[in-house]
Amino acid sequence: MKSILVMNGPNLNLLGQREPGLYGHTTLADVETLCHQAGDKHGVAIEFMQSNHEGVLIDTLHDAGKRVAAGEMIGVVFNAGAFTHTSVALQDAIKGAQVPVIEIHISNVHAREAFRNHSYLSSVATGIVVGFGVKGYALAIDGLVMKHGEETQ
């Protein structure tokens, strides 16, 4: 069974307690359950991780690229948190590893502070899901599966 990796960046471990007015009360464990349900719907295994460390995220993207090339993995759903707006290194990792990535944001980053309007990841992402709350993770999984199906036809 092929897999999809769901990656979460800095501070997403605080989901449910950090700014609940903006992000809601859903925890990261709840998001993981939602992702597994979305994966089950498509017959794909979901792998789930979170790190507050940019280097760990880069290494994980490199590994995911190898696994995609080996035919083991479809791609990555990635909520890079604040690194979205600051990390050229994550952009380079996605591009260099040639890993299909769906960029996801829980809130509508374009309706927030001006610095959140720019993403270093969008230009190398296969697709972007923004502003649908945590349900956006399931939409991102659906989209990655759809894009994978288009590529195999």
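Coordinate-derived values only; no laboratory data. Please read all numbers here as calculations on a predicted model, not as lab measurements. Every residue, glycine as well, gets a Cβ built from its backbone with ideal geometry; the counts of neighbours run over all protein chains shown.
Toward the positive end of the charge dipole of the chain, with +1 on the Cβ of Lys and Arg and -1 on the Cβ of Asp and Glu, the farthest Cα among MET7, VAL129, GLY65 is that of VAL129.
Rounded to the nearest 20 debye, the dipole magnitude of region 45-94 is 80 debye, with +1 charges on Lys and Arg beta carbons, -1 on Asp and Glu beta carbons, and the Cα centre as origin.
For region 3-148, the relative contact order is 27 percent, taking Cα pairs closer than 8 Å that sit 6 or more residues apart in sequence and dividing their mean separation by the residue count.
Just going by the charge dipole of the chain, with Lys and Arg at +1 and Asp and Glu at -1 on Cβ, which of LEU144, ILE74, GLY96 is farthest out on the positive end? Towards the positive end, the residue furthest out is LEU144.
Summarising the label geometry, the points placed 7 Å from Cα in the beta-carbon direction at GLN37 and MET146 lie 2.0 nm from one another.
Using the rule -39500 (n - 2.57) for each DSSP H run of four or more residues, divided by the residues of the chain, the 222 nm mean residue ellipticity is -13000 deg cm²/dmol.
Charged neighbours of SER3, selected by a Cβ distance under 10 Å, balance to 0 (K, R count +1; D, E count -1). Counting only the Cα atoms, the chain fills a convex hull of 96 Å³ per residue. Label separation (ASP63 vs ALA114): 4.0 nm, computed from points 7 Å beyond Cα along the C-beta direction. Remark: region 3-148 carries a charge dipole of roughly 280 debye about the Cα centre, counting +1 on each Lys and Arg Cβ and -1 on each Asp and Glu Cβ.
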